[in-house]
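The values are calculated or read from the model by the stated rules, or taken from the named source; none is laboratory data. Everything quoted here is computed from the prediction, not taken from an experiment. Positions of Cβ are generated from backbone atoms using ideal geometry, with glycine treated the same way; all protein chains shown enter the neighbour counts. Side chains included, ligands, DNA and RNA excluded: accessible areas come from the protein's heavy atoms. Shrake-Rupley method; radii C 1.70, N 1.55, O 1.52, S 1.80 Å.
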Amino acid sequence: MDRTSTGVSRRAVTKAGTAVGLTALFGTRAATARAATRLSARTLDVSVSSPALGRSAPVRLILPTSFGTQPGRTYPVLYLLHGAHDDYTSWTRETDIEAFTEGRDLIVAMPDAGPTGIPTAWRGGPNYEAFQLTEVPALLARQYRASNVRAVAGVSTGGYGAMSHAARHPGMFAAAASYSGILDTMAPGVPPLVDAIVARENLAPGSLWGNPFLNALTWRDFNPRSRAEGLRGTPLYVSSGSGVVGGTGDWLPEALESALWLSAHAFTDTLALLRVPVTTHYYTGGGHSWAYWKGEFSASWQLIARGLGLPE
């Protein structure tokens, strides 16, 4: 279970995309905070009125310990993305992220990605990419003193989101990490898996990116592997388990992990061909579950902290 790297991770030359550029890309309408519910001294849920989604959507925030005592200070932001059939509460429910960030000078933002957890521009539907990359950052800068330094990490479909966001918007993130993510959406066997995720939420599979054959260009445009060149200069962390092969017999989560094994390798192999550095951790067995993702987040923290300019 040794961690290996295909190169030396380094900070992105450009830490973030400009607000002007993102506005030009996604549109000019601004999201507004409709309400905020305080859950603890540092954690709150913000309801965001989102033009990109056509509805209000939640974002869970963990504020820095010093937020109330240093009113003139801005903070970098770590975006944590949830997986399929889960929601924006998963990181605080399944991990100790609030305790882990105690005393660290950053904002943690956990935005909604819908029931599938696929944060993309849906075909003729909601645009979760615009919500997460334009509306939420603008809101955080306007109301919570967020700086333009950002990192992103996610599990499962959220891992897809982390790499897709960073690849499609070069320089926006100072680091990106994926834990058991769907990193090549066009790999053999993966389109049916993506369709099944969508169908499980009683949505038409074609409502995502259309048919994977008839609308192959759209699928390619939103595929992290196809957009891998855009990750050049961004420190990356990718982890995935072999699942059933070498597993313990916990069939369902191990089968799900196995289904993404070749997809992850295809993604990092492409990075290697492009000479884009990535730190990888491919381990024997493992299931598609938080039991593994919690440890992977801790293992990736050094890379994330460096990107955010924080002590490791």
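Laid out as a table, the results:
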| item | result |
| --- | --- |
| Per-residue HN-Hα couplings for the range 139-150 [Karplus 6.51, -1.76, 1.60; θ = phi - 60°; Hz; x = Gly/Pro] | 5, 5, 5, 6, 10, 10, 6, 6, 7, 9, 9, 9 |
| The range 100-226, Rg to Rh (Cα coordinates; Rh as Kirkwood inverse mean 1/r) | 0.99 |
| Long-range HN-HN contacts of LEU183 with modeled amide H, under 5 Å | ALA264 |
| Spacing of the two label points (7 Å from each Cα toward its C-beta) at ASP269 and ALA41, in nm | 5.1 |
| Hz values of 3J(HN,Hα) by residue in the range 119-129 - Karplus curve (6.51, -1.76, 1.60), Gly and Pro given as x | x, 9, 8, 6, 5, x, x, x, 10, 6, 5 |
| Virtual spin-label span in nm between ARG123 and ASN148, 7 Å along Cα→Cβ | 3.6 |
| Residue-count net charge about ARG168 - beta-carbon cut-off 10 Å; Lys, Arg +1, Asp, Glu -1 | -1 |
| For the chain: accessible area per residue (Å², 1.4 Å) | 41 |
| 5 angstrom amide H check on SER56, placed H, neighbours 5+ away | SER50 |
| 222 nm mean residue ellipticity, helices alone, for the chain (DSSP H n ≥ 4; -39,500 (n - 2.57); rounded to 500) | -9500 deg cm²/dmol |
| Point-to-point label distance, SER56-ALA255, nm (Cα→Cβ direction, 7 Å offset) | 4.0 |
| Residues VAL245 and LEU193, FRET efficiency given R0 of 25 Å [Cβ-Cβ distance, rounded to 0.05] | 0.90 |
| Net +/- balance of residues flanking GLY243 in space, Cβ distance below 13 Å, scoring K and R +1, D and E -1 | -3 |
| 5 angstrom amide H check on ALA146, placed H, neighbours 5+ away | TYR75, ALA141 |
| Percent of beta bridges antiparallel (DSSP, the chain, rounded to nearest 5) | 50 |
| The range 162-262 - percent of accessible surface contributed by carbon and sulfur, probe 1.4 Å | 63 |
